[in-house]
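Comments concern the structure below.
The values are calculated or read from the model by the stated rules, or taken from the named source; none is laboratory data. Everything quoted here is computed from the prediction, not taken from an experiment. Please note: Cβ atoms are built from the backbone with ideal geometry, for glycine as well, and neighbour counts cover all protein chains shown. Please note that ligands, DNA and RNA were not included when accessible areas were found on the heavy atoms of the full protein model with its side chains. Shrake-Rupley method; radii C 1.70, N 1.55, O 1.52, S 1.80 Å.
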Amino acid sequence: MEYGVIMDEAGTSASTAGAGAGGEVIEDESDLSKFENKSGLAEDMKFLASMPELCDITFLVGDSREPVCAVKAVLAARSRVFYKILYQAPSPQRKKDSTEKLRLFLKRRSEPLLNSQSSTSQRGYTQQLAPIQEPQPHQHQTQIIEEFEPDVFRQLIEYIHTGCVTLQPRTLLGVMNAADYYGLDELRRACFGFVQCCINVDTVCALLASAERYIQYKCTKSLVQKVLEFVDEHGNDVLNLGSFTLLPQHVVRLILAREELRADEFTKFQAVLMWSKKYCDNNSNSNLKDTVGSFLEFIQFHKVPANVLMREIYPLTLVPYDIIMNALAYQADPRSVDPGKLSPNRVRRSAQGRSMSVQSSTDPLGSNTTLSSSESSEMVSSEGHPKHNSN
C-alpha cells in the first residue's frame, strides 16, 4: 500500500479554492484587488522543467545516468548550495585546465575544416577560419550526480521549480537527505514530519531498505532508530510481511538480534525461512540450508513448543539435529542442558553487553556505509559478502 502527501511551499497538504481558473483573490478593497494563481504557476514551472529544450542544464543521475533537466537560474534562486555549485567562479587553475581542454576539443573538431581550406587554397581560393570562441555562460551544461537516486533527485528538482512534491515512503529518506544536502530546510522539515506519521507495518520495510543507501547522512540515523523501535513493538507483524524478504541480509540480522524485538521464536524461524528462499531464488549458487544456518544463532528453539518443533521444523532438515534435541531436552528438564548449548552466541553477547545503535562501517570492498550491529559475530556488506569483525 502506497502512502503519499502533496506538500506545497507553505507545508500544507490541501489546495486552496480560489476565484477564476485556479486563482485566489487575497485582497479586495475599493480601489485594488490582488490576484494569485499559484497552482497555475506551479504547473507551468513543472512543464518548463520537463522540456529539455527550455532548460539549460542536464543532470546525469545515479549509476544509470538518467537525465534530469532543470533551469540554472531557478536552482540558484531557490538553493544557495546550487548557486555556489553553478555560478561560483572556479579556481584559476581549474579554469585554465578546462579552457585548454575545450581548445583541444575544438581543434580536433576543426581539422576537417582545415583540410577543406587547404584543398580550396590549391584551387586558388582563400578562406579564413573564424577564431575559436570561448564558451558562453548561457550554454547548456551537463553535470553528474552520484549521491542520490534518479527518482529522489527528480522529486527534488520538481520541488525546486514548483514548490510542490508528493512525498512517499519509498523515496522519503532520499528526498529528506537531498533537501538537507542542498539547503532546502522547509522540505527537510516536511519530510521529517511526514516520516513520523508514515511509519507503519506497510511502510517499515521500504523505509529500512532505503535507509541503507543514505545511512551516512545525519538525517537518516535518527530516523532509523525510530523505525527499529517500531519494528520492536510490532515484531510478529513485520516479520510476516512479504516485503521483509527485500531487506539486505545484515539488516535482517540486525532486527533478529534485538532483544527488544517482540516476536515469538517460531515466527522468527518462518521469517528466516521465507527470506532465505527468496535469497536462494535470486542467487542460484546459494544453498538453502547454509543460508538458513547463518541466522540460527538468533532463534531460541527451546522456546518453540515441542509439537511445533517436531511437526514444522524438524522435517525440513534445515536445523541441526543437536539443536532440536537440546531444545526438547531443555523443555523436559531445564537443568539437563547447558544454556550455552542452546544459543552459544547469544550467551556470549549477553556477557559482553549490548550495542545496537546505528553505526557507520567502512567496507573494504568499497560498499556504502551500512546498518550494523556490534552484537553480531559477522557483518554482511550490501553486496552480500561476509565480513568478520576484527575484534
So who's got an amide H within less than 5 Å of the one on Gln141, skipping anything under 5 residues away but keeping other chains? H placed 1.01 Å off N, in plane. Ile57, Thr58
Quote to one decimal, in nm, the extra length available between Arg262 and Arg311 on full extension: 0.36 nm per residue of separation minus the C-alpha distance between them. 15.3 nm
Is region 175-224 best put as rounded, prolate or oblate by its Cα gyration tensor, with a ≥ b ≥ c the root eigenvalues, rounded for a/c under 1.5, and otherwise prolate when a/b is larger than b/c, oblate when not? oblate
PRE zone check, label point 7 Å out along Cα-to-Cβ of Ser336, amide N under 16 Å, scope region 298-318, hits 302-303, 306-307, 310
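Once you order the gyration tensor axes a ≥ b ≥ c over the Cα atoms, which shape class does region 246-349 get: rounded for a/c under 1.5, otherwise prolate or oblate by comparing a/b with b/c? Before the final figure, lay out the partial values.
Details: a/c = 1.98, a/b = 1.49, b/c = 1.33.
The shape class here is prolate.
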Per-residue SASA entry for His234, accessible area with 1.4 Å probe, Å² rounded to 10: 70
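Using the beta-carbon distance between Asp237 and Lys278 and R0 = 25 Å, what value does 1/(1 + (r/R0)^6) give for FRET efficiency, to the nearest 0.05? Write down the numbers at each step before the final one.
Details: r = 19 Å, r/R0 = 0.75.
Between Asp237 and Lys278 the formula returns 0.85.
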Cα centroid of region 220-262 to Cα centroid of region 137-174, whole Å: 29
Using protein chains only and a probe of 1.4 angstrom, how many square angstrom of Lys341 are accessible, to the nearest 10? 130
What shape does region 271-316 have by the C-alpha gyration tensor, where a ≥ b ≥ c are the square roots of the eigenvalues, rounded means a/c under 1.5, and otherwise prolate means a/b greater than b/c and oblate the rest? prolate
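For Leu296 and Val81, what is the calculated FRET efficiency with R₀ set at 51 Å and r taken between the beta-carbons, to the nearest 0.05? Provide the component values of the computation, followed by the final result.
Values: r = 48 Å, r/R0 = 0.94.
Taking R0 as 51 Å, the efficiency between Leu296 and Val81 is 0.60.
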